Amino acid sequence: MNRIMGRAKILVVLLLILSLGTAFFVVEYFIKSDSWVLSSGSPHIYNGGNIGCGTVTDREGILLLDMTGSRTYAAASSVRMATIHWLGDREGYISAPALAYYAEEISGFDPISGLYAYSGIGGQVTLTLSAELQQIALEAMGDYTGTVAVYNYQTGELLCAVTTPNYDPDDVPDIAGDTTGAYDGVYVNRFTQSTYTPGSIFKIVTAAAALETIPDILEQTFTCTGTVEYGVDTVTCEKAHGTQTLKEAFMNSCNCAFAQVADQLGGETLQQYAEAFGAVGSVSFDGITTASGNLEAAGAADVQVAWSAVGQHKDLINPCAYLSFVGAVANGGTAVLPHLVETITVGSKTTYQAEAVSGGRIMSSSTAETLADFMRNNVESYYGDENFPGLTVCAKSGTAEVGGTQKPNAMFTGFVTDAEYPLAFIVVVEDGGYGRQVCIPIIAPILQACKELLDAG
């Protein structure tokens, strides 16, 4: 009897251990099964480093990428080239972080029904991008290197965002053997991963800081003789602009006037507000964190603060983050972060639905309204409304000196104030020259195409 009781106790202990082990496994499964199945080496999800299930379409349902098998890209070469920096290539030289970020939603995995609940094909990812706009933007950029993007500053939808140079993933050139420089930096998404000296588009930031902190800034005048001296150093303008208000100095892009504004702000205040605006920071969306900009005005010498205020010195911006800042100006001082992925559906189930994500209020509504008035005056009085028929455009150009023998980078940013076209944009052309001359011919046809897209619903 004692022997039977002993064996029974051992059996109870073994059953208890088995029960605890089973419970532990079940808990671990429900907690960690997604990370096990969705790990980067999983053959169920990935194919040669890329996601191996699901399809990607543009906002109108046009197929951009079938991720199963060897990956099938869009039918048109121009669409393949214009979207490669968002979809990635077959070899993994260009990554697609947004697709990897939503691997669970794309696969349709859940711990109850398991993986590939819908015949192993995965889900459909609908992007905010328009294939037509991507093609128009690619054509508008021509042989230039840089980036151009447009987003809805109320919803955050990226309507188009093109990086050049690029290539056709179905007709890969000999990039390693190229000696012309045509593919320099081709693997980089310049919209999200690059930073640039902003030049005079940074005067939007300086003007905003002045409007927020200097009570009589709109009543002041600034005299430009062509130079402002700081001991042995100087800040220079292309010409003497004479006496101007801040609004006039903004239109004239007068370095000397903005140096005088910087003298009143001081480096610490300029730094504080530029960072608070997010103009020199980074933004995160859809698993993408952009490159971060730079500003070194706090504690700098007066002449360096002055050059920072006009977008030179050591200033750097990321195009995507700066677009979000400009969108906040358009949106009355409240930022809305951009996004790329609109919906993901697996069968009849929606596994992801984008929502507008607010970046919070970054400036007062009165400051945003005044900046919009300044930027509107630029277009009416200098850039020309005839370049943007049917649209009420506000903008600021920049010509960013980068040193050496290179031509300046051409910069152009702004927004549309029409209620039915809440569009903000940025253009960056490396080694391009004057911002207005180079960038307006690029952005004008893109904005017209955006207008037609929105008019069509």
- Query: If you bin the C-alpha pair distances of region 395-439 every 5 Å from 0, what whole percents do you get?
  - Reply: 6, 26, 24, 16, 12, 8, 4, 2, 1
- Residues meeting the amide H criterion for ASN294 (H placed from the backbone, H to H distance under 5 Å, 5 or more places apart or on another chain) are LEU316, ILE317
- Message: How much length would be gained if the chain were fully extended between ASP418 and ALA301, taking 0.36 nm per residue of separation minus their Cα-Cα distance, in nm to one decimal?
- Response: 37.9 nm
- Could you state the principal axis extents of the C-alpha atoms in region 218-274, from the largest down, to the nearest angstrom? 30, 30, 16
- Message: Can you tell me the length gained on complete extension of the stretch VAL188 to ASP385, counting 0.36 nm per residue apart and subtracting the Cα distance?
- Response: 67.5 nm
- Pairs over 25 Å Cα to Cα, from LYS407/LYS451; LYS247/LYS407; LYS349/LYS451; LYS203/LYS239; LYS203/LYS451; LYS314/LYS451, come to LYS407/LYS451; LYS247/LYS407; LYS349/LYS451; LYS203/LYS451; LYS314/LYS451
- Kindly sort ASP263, ASP66, ASP171 by accessible area of their heavy atoms, largest first, with the probe set to 1.4 Å. ASP171, ASP263, ASP66
- For VAL336, distant residues with modelled amide H under 5 Å away: ALA328, GLY359
- Note on the structure: Calculated from DSSP helices alone, with each H run of at least 4 adding -39500 (n - 2.57) and the total divided by the residues of the chain, [θ]222 nm to the nearest 500 comes to -11500 deg cm²/dmol
- Query: Helix 203-213: angle to the longest alpha-carbon principal axis of the chain, degrees 0 to 90, nearest 10?
  - Reply: 80
- Message: How far apart, in nanometres, would the label points at ASP216 and ASP170 be if each is projected 7 angstrom from Cα along the Cα-to-Cβ direction?
- Response: 6.7
- Keeping the other protein chains in place, figure out the carbon and sulfur percent of the accessible area of region 340-395, with a 1.4 Å probe. 44
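Can you tell me the accessible area per residue over the chain, all protein chains present, probe 1.4 angstrom, in square angstrom? Don't skip to the end; give the middle numbers.
Values: 19380 Å² over 457 residues.
Value for the chain: 42 Å² per residue.
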- Item | Cα lying deepest toward the dipole's positive end in region 149-234, options GLY226, THR155, ILE214, charges on Cβ | ILE214
- Message: Students often get this wrong, so try it: which of (1) 79, 68, 51; (2) 109, 54, 46; (3) 112, 47, 37 is Cα extents along the principal axes in Å as calculated from the structure shown?
- Response: (2)
- Note on the structure: Once HIS241, HIS313, HIS85 are ranked on solvent-accessible area with the largest value leading and a 1.4 Å probe, the list reads HIS313, HIS241, HIS85
- Query: What is the extension gain from LEU454 to THR289, computed as 0.36 nm multiplied by their sequence separation minus the C-alpha to C-alpha distance, in nm to one decimal?
  - Reply: 56.6 nm
- Note on the structure: Phi angles of region 82-88, converted by Karplus (6.51 cos²θ - 1.76 cosθ + 1.60, θ = phi - 60°) into ³J(HN,Hα) in whole Hz with x for Gly and Pro, give 6, 10, 4, 6, 9, 9, x
- Message: At R0 = 30 Å, how high is the FRET efficiency between ASP178 and THR405 if r is their beta carbon distance? Nearest 0.05 is fine.
- Response: 0.90
- Can you work out the PRE-style zone for THR155? Point 7 Å along Cα to Cβ, and I want the residues of region 350-365 with backbone N under 20 Å. 350-360
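The values are calculated or read from the model by the stated rules, or taken from the named source; none is laboratory data. Source: prediction; values computed, not measured. Because the Cβ atoms are built from the backbone with ideal geometry, glycine has one as well, and the counts that use them run over all protein chains shown. To get the accessible areas, we keep the full protein, side chains included, count just its heavy atoms, and leave off ligands, DNA and RNA. Shrake-Rupley method; radii C 1.70, N 1.55, O 1.52, S 1.80 Å.
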